[in-house]
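Shown next, in structure tokens, is the structure this report addresses.
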Amino acid sequence: MRIKSIYSLLAITLTGLTLGACRSETDTAASGDEAAGKAKVSEVRIGLQKSGSLVYLRDVRYLEDVWAKQGIQVKWVEFPSGPPMLEALNTGNLDLGTVGDSPPIFAQAAGAKLMYVANELPSPKAEAIIVPANSPIRSVSELKGKAVAVTKGSSANYTLLKALERDKLTFDDIKPKYLQPADARAAFETGQVAAWAIWEPYLSSVKIELNARVLTDGEGLKPNTGFYLASKDFAQAHPDLVEQFVSAVGEADKAITANPEKYGKIIENITGLKPEIALSSVTARNYGVSYISADTIQAQQQVADAFYRQKLIPKPIQVKDIVWNPPQ
């Protein structure tokens with residue numbers, strides 16, 4: 001299946017979401033220091049998932065307080081995984097969002113108009129390949145010929161790829177079942193798949209509730225870095241808002257690190273997860289935001305090259321081509 005077709009299919013998860021129309025209007029009353037016709041932003045739309053620093057940021061409303069002084073509202077839009085979020089960024093229905101390492105690779109290969117703006121500290125234990133508690137499978141190499149659930153284009157897709165490579169296998173050696181997390185869990189529970197490559201908080205949920213066993217996590221396989229991205233148009237037109245966004249994420253990261261139990265309670269309240277699951281999903285991650293460094297670009301380029309080697313993206317790409325640089 002061609003990559004653009006993959007994104008068209010994933011985009012169906014956006015059905016029913018009211019993402020809103022364009023939020024910019026021409027500021028005809030611009031001061032002498034402003035360029036005539038400069039776009040004035042009235043709303044910024046931010047995509048998030050079930051875990052990560054943006055969940056905390058949404059709950060404490062720190063960003064709302066910052067931007068209210070500028071007459072800007074914040075609209076949060078939740079997605080089941082990274083690929084459909086990046087589709088929304090590409091189509092202009094979202095301004096900012098957060099995903100794992102793989103979705104931007106697939107999006108860039110498909111020609112999506114987006115840019116990396118920042119990243120979190122690596123969290124290699126926040127993803128894993130798991131099997132049922134009673135499974136006879138003890139290693140990734142034993143997945144040969146077996147059905148494995150994974151979300152196409154997700155960060156777990158790369159975890160699975162790297163684990164297979166380590167054990168001298170490829171995607172041709174397994175039967176990948178490309179499912180969103182909710183469907184993947186159902187397939188995992190009912191024995192339709194032998195294993196599941198997944199991230200937090202779903203990982204902690206099945207480990208605690210189903211006694212799922214970890215075959216391997218990201219340790220030694222990949223950094224598992226979380227990224228913040230922006231639509232290309234938004235990043236180029238509003239660098240000041242991008243910087244304020246990254247600064248707000250930094251405040252959230254400091255608060256989570258200082259009091260993970262508080263964040264665990266937030267996750268518990270919004271997801272309905274058991275307290276121990278919510279806290280486990282929080283402590284599995286590392287928190288600390290920074291702008292994209294040369295080392296991070298190099299690590300992300302390795303992700304892109306690996307997907308191209310496996311012919312999971314149609315052409316080679318250069319990650320550095322879509323990295324946003326903050327104004328000096």
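Here are the numbers for the structure shown:
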quantity	calculated
Test: residue in segment 152-164 that is over 24 Å from Ser281 (Cα atoms) and at pLDDT 95 or above	yes
Criterion violated by Arg309 - all others in (1) surrounded by fewer than 22 Cβ atoms within 10 Å (Cβ to Cβ); (2) under 14 Å from Ser123 (Cβ atoms) satisfied	(2)
Complete set of residues in segment 215-254 that are touching a helix residue (DSSP H, G or I) at 6+ places or on another chain (Cβ under 7 Å) and aliphatic (A, V, I, L, M)	Leu215, Leu221, Leu229, Ala230, Ala235, Val242, Ala248, Val249, Ala252
Segments classed as helices (runs of 4 or more DSSP H), wholly inside segment 33-151, with at least 2 members that are under 30 Å from Leu215 (Cβ atoms) and touching a residue at least 24 places away in the same chain (Cβ under 8 Å)	53-60, 82-90, 103-109
Any hit, segment 122-140, residues being among the hydroxyl-bearing types (Ser, Thr, Tyr), more than 27 Å from Ile256 (Cβ to Cβ) and surrounded by fewer than 24 Cβ atoms within 10 Å (Cβ to Cβ)	yes
Residue identified as in the same structural domain as Pro103 (by TED's automatic domain parsing), modelled with pLDDT of 95 or more and among the hydroxyl-bearing types (Ser, Thr, Tyr) among Thr271, Thr296	Thr296
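The values are calculated or read from the model by the stated rules, or taken from the named source; none is laboratory data. Quick caveat: nothing in here was measured; it's all calculated off a predicted structure. Cβ atoms come from the backbone with ideal geometry, glycine included; neighbour counts cover every protein chain shown.
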